[in-house]
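A quick write-up on the structure given underneath.
The values are calculated or read from the model by the stated rules, or taken from the named source; none is laboratory data. Owing to the predicted nature of the structure, the values given are computational and were not obtained by experimental measurement. Every residue, glycine as well, gets a Cβ built from its backbone with ideal geometry; the counts of neighbours run over all protein chains shown. Protein only, heavy atoms only, side chains kept; ligands, DNA and RNA dropped before computing areas. Shrake-Rupley method; radii C 1.70, N 1.55, O 1.52, S 1.80 Å.
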Amino acid sequence: MITTPLSLPLDPTTLATTAAHHAPATEQAGRLHPDVVQALRPAGFARHFVPRHRGGNAGGFAELVTAVAAVGEGCASSAWCAALLAAHARLAAHLPEQAQAELWADSPDTTIAAAIVPPAGRLVPTPGGWRLTGRWGWASGIEHCDWVLLATLDDTVTGPPAYRVLLVPRRDVRVHHTWDSVGLSGTGSHSVSVDDVFVPAHRSCLRDTLLTGVTDPEAAACHRVPYPLVAALLFCAPALGAARGALAAWTALAGERGATADPSTQRTLARSSADIDMAALLLESAARRADHAALQPPAAFAPEAAARNQRDASRAAELLTDAVERLFRTAGARALTRTSPLQRAWRDIHAVSAHATLQPGPAATAYAASTFAQHQA
């Protein structure tokens with residue numbers, strides 16, 4: 001058991017400065033700059049949701065969203081990886097205690113990548129555990145992580161299809177350099193594969209556990225929250241930072257062009273900044289809702305809270321995308337240069353908003369189903 005004192009709250013200041021400085025190099029390399037990787041650990045993202053008895057913070061969602069957005073102002077790719085480091089540690093806290101002890105034996109800053117949606121691969125039961133073979137996509141930050149969470153079908157479970165999440169050391173995973181995206185290009189979200197790797201039984205749990213949250217009443221509040229309540233919220237946080245960064249870049253360009261007295265420029269500024277502020281309010285409200293839910297007994301979790309959070313995060317993503325689209329369209333030719341942070345933010349925010357958890361259609365369907373069910377009850 002880790003005996004070091006609890007870490008300080010999240011401090012993204014140094015990481016945000018470092019990430020912004022190296023954003024062009026991060027994008028060109030298709031992975032986080034080494035200085036950014038080094039700054040990630042002391043910033044506290046990896047340990048943010050780690051259980052306290054493992055040396056972590058078991059922290060809250062509102063503070064995480066604020067910290068991720070701060071990093072995203074200068075580099076959305078770095079913010080995306082920071083958010084997922086925290087999120088994946090929270091998922092790993094659903095594993096059996098023996099796996100947690102192994103995972104965080106040396107430090108709560110152990111880094112974890114994941115590829116759990118969609119599930120893939122083939123699982124074969126074997127004495128003492130499982131043998132796993134397969135290939136998965138979109139493992140963000142895989143090149144600077146220590147462990148990987150992978151999900152696959154478990155056909156040994158009777159009833160509806162069941163999926164199992166398995167924890168695999170990074171050394172047992174092959175990385176396929178498939179990530180070549182116009183947005184979030186520095187996340188290094190490559191495909192990964194394993195070939196007949198043995199995974200001890202204690203390093204796995206059913207994926208449904210993530211959907212319901214840890215049921216142990218002694219577990220930290222943040223671990224009792226079901227995944228659907230917070231998934232979209234955490235994926236949208238980098239976009240909030242990117243939009244704020246885009247607004248700052250656009251404002252600087254407007255000043256350089258001598259356009260600050262132009263009425264159309266003023267209207268663009270007012271409308272876009274208001275959209276970004278509205279999106280921030282939606283995400284802050286969703287984060288507070290998640291933190292409040294974390295303090296309630298598991299049985300008290302209401303489906304409408306998850307549907308409302310999914311709705312709010314999806315709408316926030318739309319507001320942020322529209323705002324940055326408007327800023328980019330009115331910024332002039334200087335915004336088109338490869339060195340312009342505005343064009344990078346424009347590409348990054350479109351990549352974030354394309355994520356499955358932020359699609360307006362499924363969010364509307366979930367919210368409508370929840371709302372109409374309440375009225376019919």
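Across the chain, the mean sequence separation of Cα contacts (distance under 8 Å, 6 or more residues apart), normalised by length, yields a relative contact order of 17 percent.
Taking amide H as placed 1.01 Å from N in the peptide plane, the amide H of His176 sits under 5 Å from that of Ser191, Val192, Ser193, each at least 5 places away or on another chain.
Taking every DSSP helix (H) stretch of at least 4 residues in the chain, weighting each as -39,500 (n - 2.57) and dividing the sum by the residue count yields a mean residue ellipticity at 222 nm of -16500 deg cm²/dmol.
A Gaussian network model of the chain, with springs between Cα atoms under 10 Å, assigns the largest mean-square fluctuation among Leu240, Leu358, Leu336 to Leu336.
Which residue fluctuates most in the GNM of the chain (Cα springs below 10 Å): Ala239, Ala252, Ala113? Answer for the Gaussian network model of the chain: Ala252.
Principal-axis analysis of the Cα atoms of the chain puts helix 303-329 at an angle of about 30° to the longest axis. Computed about its Cα centre, the charge dipole of the range 263-372 is approximately 440 debye, with only Lys, Arg, Asp and Glu carrying charge at their Cβ. For the range 142-159, 3J(HN,Hα) computed residue by residue from phi via the Karplus equation (6.51, -1.76, 1.60; θ = phi - 60°) reads 4, 6, 10, 10, 9, 9, 9, 9, 10, 10, 8, 5, 10, 7, 7, 8, 6, x Hz, glycine and proline entered as x.
Solvent-accessible surface of the range 257-377, averaged per residue with a 1.4 angstrom probe and all protein chains in place: 53 square angstrom.
Count charges around Ala364 for me, please; just the other residues with Cβ under 10 Å from its Cβ, Lys/Arg as +1, Asp/Glu as -1.
+2
Applying the Karplus relation 6.51 cos²θ - 1.76 cosθ + 1.60 with θ = phi - 60° to the range 271-277 yields 3J(HN,Hα) values of 5, 5, 5, 5, 4, 5, 5 Hz, where x marks Gly and Pro. When the chain is treated as a Gaussian network with alpha carbon springs shorter than 10 Å, the biggest mean-square fluctuation among Val117, Val68, Val352 belongs to Val117.
From the alpha carbon centroid of the range 64-97 to that of the range 190-225 is 17 Å. Only Lys, Arg, Asp and Glu carry charge here, each on its Cβ (+1 for the first two, -1 for the last two); on that basis the chain has a dipole of about 440 debye about its Cα centre.
For the range 102-233, what relative contact order do you get, as a whole percent, if you take Cα pairs closer than 8 Å and at least 6 residues apart?
24 percent
For the chain, take the longest principal axis of its alpha carbons; what is the angle in degrees between that and the long axis of helix 360-376, to the nearest 10 within 0 to 90? Compared with the principal axis, the helix lies near 70 degrees. Calculated on the Cα set of the range 276-348, radius of gyration then Dmax: 17.1, 55 Å. In this structure, the amide hydrogen of Gly129, modeled 1.01 Å from its nitrogen in the peptide plane, lies closer than 5 angstrom to those of Ala201, counting only residues at least 5 positions away or on a different chain.
Beta bridges assigned by DSSP with both partners in the chain are antiparallel in approximately 85 percent of cases. Please report the relative contact order for the range 285-377, taking Cα pairs under 8 Å with a sequence separation of at least 6, and give it as a percent rounded to a whole number. That works out to 37 percent. Expressed as an acute angle from 0 to 90° and rounded to the nearest 10, what is the orientation of the C-alpha long axis of helix 227-256 relative to the principal long axis of the chain? Roughly 20 degrees between the two axes.
I'd like the carbon and sulfur percentage of the solvent accessible area for the chain, probe radius 1.4 Å, heavy atoms only, ligands and nucleic acids excluded. Its accessible area is 57 percent carbon and sulfur atoms.
With every protein chain present, what is the per residue accessible area of the range 31-166 (1.4 Å probe, Å²)?
Using a 1.4 Å probe on heavy atoms only, each residue of the range 31-166 averages 35 Å².
Computed from backbone phi, the HN-Hα couplings of the range 112-127 come to 10, 9, 7, 9, 10, 9, x, x, 7, x, 9, 10, 10, x, 8, x Hz, rounded to whole numbers (Karplus: 6.51 cos²θ - 1.76 cosθ + 1.60, θ = phi - 60°; Gly and Pro given as x).
Taking the inverse of the average 1/r across all pairs of different Cα atoms in the range 200-252, what Kirkwood radius in Å do you get?
Taking every pair of different Cα atoms in the range 200-252, averaging 1/r and inverting gives 13.9 Å.
Overall shape: oblate for the range 1-135, with the ratio a/c of the largest to smallest alpha carbon gyration tensor axis at 1.5 or above and b/c at least equal to a/b. When the Cα positions of Thr215, Ser264, Leu233 are compared along the charge dipole of the range 195-319, Ser264 comes out farthest toward the positive end, with charges on each C-beta of Lys, Arg, Asp and Glu.
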